[in-house]
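The values are calculated or read from the model by the stated rules, or taken from the named source; none is laboratory data. Since the model is a prediction, treat every value here as computed from it, not as a measurement. So basically every Cβ, Gly included, is an ideal-geometry build from the backbone, and we count neighbours across all protein chains shown. When the accessible area is computed, the model is the full protein with side chains, heavy atoms only, and any ligands, DNA or RNA have been set aside. Shrake-Rupley method; radii C 1.70, N 1.55, O 1.52, S 1.80 Å.
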Amino acid sequence: MDNQQAKTPAPRQSPADPQEHTAPATQHLLEAIIDQLPAMVFVKDAADLRFLLVNRTGEALIGYPREQLIGKNDHDVFPQDEADFFTASDRRVLATGALLDVPEESLHTKQHGIRILHTKKIPIADATVTPRYLLGISEDITERVWRERSKRVQQAVAEIVTTTDTWPIARTAILKTMGDLFPCAAGFHWEPDAQSDKLTCQASWTNGTPTLDEFAALSRRLVFSSGVGLPGRVWETGQPSWLEQLDGNPALPRREAAARAGLLSAYAFPILDNGTVRGVMEFFTTSTAPLDQHLQDAFVYIGAAIGQFLAKTEAQGHTARLLRQHQLLFAAAGDAIFGLDRAGNATFVNPTALRQLGYTEHELLGAPLHESFHKTGLEGTSTHAETCPIQNTLRHGTVEEVAEDRFWRKDGTAITVEYISTPIREEDGTITGAVVTFRDITERKRTEAALAKSEACLKEAQQLAQIGSWELDLVGQTLSWSDEIFRIFEIDKAQFGASYEAFLNAIHPDDRIMVDTAYQRSVREETPYEITHRLLMPDGRIKYVQERGVTFYSPSGAPLRSVGTVQDITVIKLAESALTQQQSLLRDRLKEMHCLYGIARLASDETLTMEQLAQEVLERVVVPIGPVELDIAADQPAGGLEQRYLR
């Protein structure tokens, strides 16, 4: 038996289905698109919340190879408190079945410290509306968050020091402002005591948590010598200092009290007045995080701004000292800044500008900066002084804001920048020069270009698959379509009403009620929306489309928005119709052949009369297979039975 089976020829393979080749290609394209997205994309198993997919951006952000992440859950990768937070939000998404938008959440990474993410999570359900997977998209907004926080704090402190007359009022407001915006749990201001040569606490602030009262009271009683404790270290070095972990640090006299208060990290920066440390600002947080560059820049800026304020209140008439404070301010700023005289020659260039342009201060001071790094613009063409926005500020005193331009570094490479040029005026309004603040946005532009490329790939993928996407805002009653849907519906985007009613008007008149009923029922019953319907083209053609969608709801159950897809299945429908017709025709031909064959066999029996032959045909042929349409010549004789059944 085994030998016979071994000799049996293998069945012939049928020609490959084209979809068997298309599916892997489409899968590969989708995976490539997901990998190229600038945001982290991940998919988890709804049952145990283990990672099933992490794209390349997520792999680089977290710091672990995908092979080490797949099959793990959050507790296998991240700290306990973070993992608990992520898991709780995951389960909330799966329980509610709705999109969860987390504007800010912290993520401990292997190589990049703590990053701040903007995350959106959504459940992916199967045909039974049971969540099978959880899809998450996280954008790393660390730079933006710290930049915005730092900018807000700098602006707030600048406003305080320019609108407040006395230092005690200003420092209380600064402590509260910085504590609220960064955010922190407690803050202290320390000043050197001239007699004891020690730092003493002059002001304190807490966020109101009762457990901080003991720590604040202890801090107000303490004094610090130079180099002792965090305030003493900043006083000694004149530099900002950050302690990521307070626990177990033997150099901190208040570490046990901080632990009881739940404080985990601390930072402090000096208040500088002409290079002299006039005081120290110290803040404590209830979370651990490494020092961010934007935050450090803000510390230097704020320390210099406060020092400038102290100098102003103590010596209003010392113009030279105030000028020095401005120089410190520009040198400490995170943005690049340079000044020009009326002729366009550099009067000062801060370190950030020197670093980004690749020049030394000696090379630029007194030199015409337009010729140094602004001779050509974005298109590579020459930028004449007559059309240069910076030169326009010098000539006419206008404030010029430029969203995108090109500056040239000393090594011949170009950077894309945004800048603002502001005139410097004397008290009588005479223009004496200009101050230009610019920021290198080269990486941002590259990111925007990459995002545009990804969007173009998605658009191309939709066109190839003849699938378009849509979103209906149920609050604002606005409908948005992808370009592919406009192509499928053959509607001019400029003439589309962008509403649910406009969509219904685009459907075949006989299908509108059916489509509206199906969609309204899906919203009402909170079930997925799926329907196939027709489109009536202006020239009378009929198209068939298949729609799928899902609706998202508020915590109170109010429908917020619906999203879905539309696929052109006209070709499939026409193929199905043609196949059905061919099958019906084939069945009729087979019946006809069987009937004729049976009649021929009976007719060969010469012993049967015509009436007997008709009766035999009725019982043995016609009745078993049903009525059959036969073409009987008009001149052929037929009896009563033949005419009744052979028709």
Rolling a 1.4 Å sphere over the protein heavy atoms, what is the accessible area per residue of region 61-179, to the nearest Å²?
51
Given 0.36 nm per residue, what is the gain on full extension from LYS410 to HIS396 after removing their alpha carbon distance, in nm?
2.1 nm
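How much length would be gained if the chain were fully extended between ALA95 and THR211, taking 0.36 nm per residue of separation minus their Cα-Cα distance, in nm to one decimal? All intermediate terms of the calculation are to be shown ahead of the outcome.
On the way: separation 116, 0.36 × 116 = 41.76 nm, distance 3.50 nm.
Computed gain between ALA95 and THR211 is 38.3 nm.
How long is the gain from GLN612 to LEU504 if the chain were fully straight, where each residue apart is worth 0.36 nm and the alpha carbon distance is subtracted? Provide the component values of the computation, followed by the final result.
Numbers: separation 108, 0.36 × 108 = 38.88 nm, distance 6.42 nm.
Here the answer is 32.5 nm.
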Long-range amide H partners of ILE141 with built H, under 5 Å:
ILE116, LEU117, HIS118
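Which of the peptides 420-426, 52-58, 194-200 is most tightly packed, and how do the rest follow, going by the mean number of other Cβ atoms within 10 Å of each residue? Could the numbers behind the result be given before it?
Details: 420-426: 16.4, 52-58: 19.4, 194-200: 12.9.
Ranked from most to least packed, the peptides come out as 52-58, 420-426, 194-200.
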Leaving out ligands, DNA and RNA, and with a 1.4 Å probe, what % of the accessible surface on region 495-542 is carbon or sulfur?
49
At a temperature of 37 °C and a viscosity of 0.692 mPa s, determine how fast region 393-434 diffuses translationally according to Stokes-Einstein, using the Kirkwood radius over alpha-carbon pairs as Rh; express D in µm²/s, rounded to the nearest whole number.
278
Output the peptides 99-107, 182-190, 546-554 sorted from most to least packed, where packing is the average of other Cβ atoms within 10 Å over each peptide's residues.
182-190, 546-554, 99-107
If you roll a 1.4 Å probe over region 100-176 with all protein chains in place, what percent of the accessible area is carbon or sulfur?
54
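Given R₀ = 60 Å, FRET efficiency for GLU314-LEU474 by Cβ-Cβ distance, to 0.05?
Details: r = 61 Å, r/R0 = 1.02.
Computed FRET efficiency for GLU314 and LEU474 comes out at 0.45.
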In nm, spacing of pseudo-spin labels at HIS75 and ALA600 (7 Å Cα→C-beta vector)
7.9
ARG342 and ASP84 label points (each 7 Å along its Cα→Cβ direction) are spaced in nm at 6.8
Please compute the contact order of region 197-313 in relative form: average sequence separation of alpha-carbon pairs under 8 Å and at least six residues apart, divided by the residue count, as a percent.
21
Just check region 487-555 against the gyration tensor rule for me: Cα atoms, a ≥ b ≥ c as the square roots of the eigenvalues, rounded for a/c under 1.5, and otherwise prolate or oblate depending on whether a/b exceeds b/c.
prolate
Quick one: if the Förster radius is 60 Å, what FRET efficiency do ARG541 and ARG446 give, using the C-beta to C-beta distance and rounding to 0.05?
0.85
Which FRET efficiency value, to the nearest 0.05, do you get for GLN581 and HIS112 by plugging their Cβ-Cβ distance into 1/(1 + (r/R0)^6) with R0 = 51 Å?
0.20
Qualifying aspartates and glutamates (Cα of each under 13 Å from Cα of LYS445; at least 8 residues distant if same chain):
GLU404, ASP405, GLU418
